[in-house]
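Comments concern the structure below.
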Amino acid sequence: MLSTESLQQIDRAIKKYPQEQKQSAVMAALAIAQKEKGWLSNELMKYIADYLEMPSIAVYEVASFYTMYNLNPVGRFKLAICTNLPCALQGANHTVEALKCRLGIDWNETTADGLFTLKESECMGACGDAPVVIVNNRRMVSRLAPDGVDAFLDGLKNEKESV
Ligand code: FES
């Protein structure tokens, strides 16, 4: 189900914890599995549960709690937008509406070209930079106002075309 390289990475993560607590590597294992497969199917989460000798439901609880894990296929760019109070007070909801309007999708949907997926997110601890968007779990975009949405999306599209 996973490549030898991914399993070696998971084994390295397991070694960071006492032998009888290999389930402590679950977050790392999920991230490694998602990096290889793009998203976490039920079968893949069951595989990880068996590998870490822990209940499948416990793996699902972790995977479903954090927005960085994809429980369904996502587009090339997953845009996670914080809608908690500090971001909302700085206009996050207007940014969300601009993104939805420009992309023609709602939360948890992916554009027909497979490029963009919209996810609602909890606080990312960067409230001073509100409204905040995280691209593909790694790149933070600060103070994204509605009038900056077109340039933001065009920039990502250009990245895709230059690859
Ligand atoms: S409320 Fe949005 S980053 Fe904290």
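The values are calculated or read from the model by the stated rules, or taken from the named source; none is laboratory data. Remember, it's a predicted structure, so these values are computed and weren't measured experimentally. Positions of Cβ are generated from backbone atoms using ideal geometry, with glycine treated the same way; all protein chains shown enter the neighbour counts.
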Worksheet, complete the sentence: If we keep only residues of the range 38-59 that are surrounded by fewer than 17 Cβ atoms within 10 Å (Cβ to Cβ) and part of a helix (DSSP H, G or I), then the residue nearest to the chain's Cα centre (by Cα) is N42
Discussion item. I'm trying to understand the selection: among the residues of the range 78-114, which are of a type in the set (G, A, S), in contact with a Pro (Cβ under 9 Å, 6 or more places away or on another chain) and on the phi < 0 side of the Ramachandran plot?
Written reply: A88, A92, A98
Worksheet item: What do you reckon, is K35 assigned to a helix (DSSP H, G or I), touching a helix residue (DSSP H, G or I) at 6+ places or on another chain (Cβ under 8 Å) and over 20 Å from K78 (Cα atoms)?
Response: no
Discussion item. Go through (1) loosely packed, with under 14 Cβ neighbours inside 10 Å; (2) in contact with a Cys (Cβ under 9 Å, 6 or more places away or on another chain) for S142 and report which single condition fails.
Written reply: (2)
Practice prompt. Could you check how many residues of the range 125-149 are within 16 Å of G91 (Cβ to Cβ) and out of contact with any Leu (no Cβ under 6 Å at 6 or more places or on another chain)?
Written response: 14
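Test R139 against the stated conditions and say whether it is within 16 Å of the ligand (Cβ to nearest atom) and charged (D, E, K, R). Can you show your working first?
Details: within 16 Å of the ligand (Cβ to nearest atom): yes; charged (D, E, K, R): yes.
The answer is yes for R139.
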Item to complete: Can you run down the residue pairs with Cβ atoms below 8 Å, 6 or more apart or on separate chains, where the first is in the range 67-85 and within 16 Å of the ligand (Cβ to nearest atom) and modelled with pLDDT under 95 and the partner is assigned to a strand (DSSP E or B) and not polar (S, T, N, Q)?
Response: T67/A80; T67/K119; T67/E120; M68/A80
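Name the one entry in N108, N93 that is more than 21 Å from E36 (Cβ to Cβ), polar (S, T, N, Q) and in a helix (DSSP H, G or I).
Every option except N93 fails the conditions.
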Response to the item:
If we keep only residues of the range 38-66 that are within 18 Å of K119 (Cα to Cα) and among the aliphatic types (A, V, I, L, M), then the residue farthest from the ligand (Cβ to nearest atom) is L40
Worksheet entry | Selection from the range 87-105 of residues that are more than 21 Å from the chain's Cα centre (by Cα) and within 15 Å of the ligand (Cβ to nearest atom) | L89, Q90, G91, H94
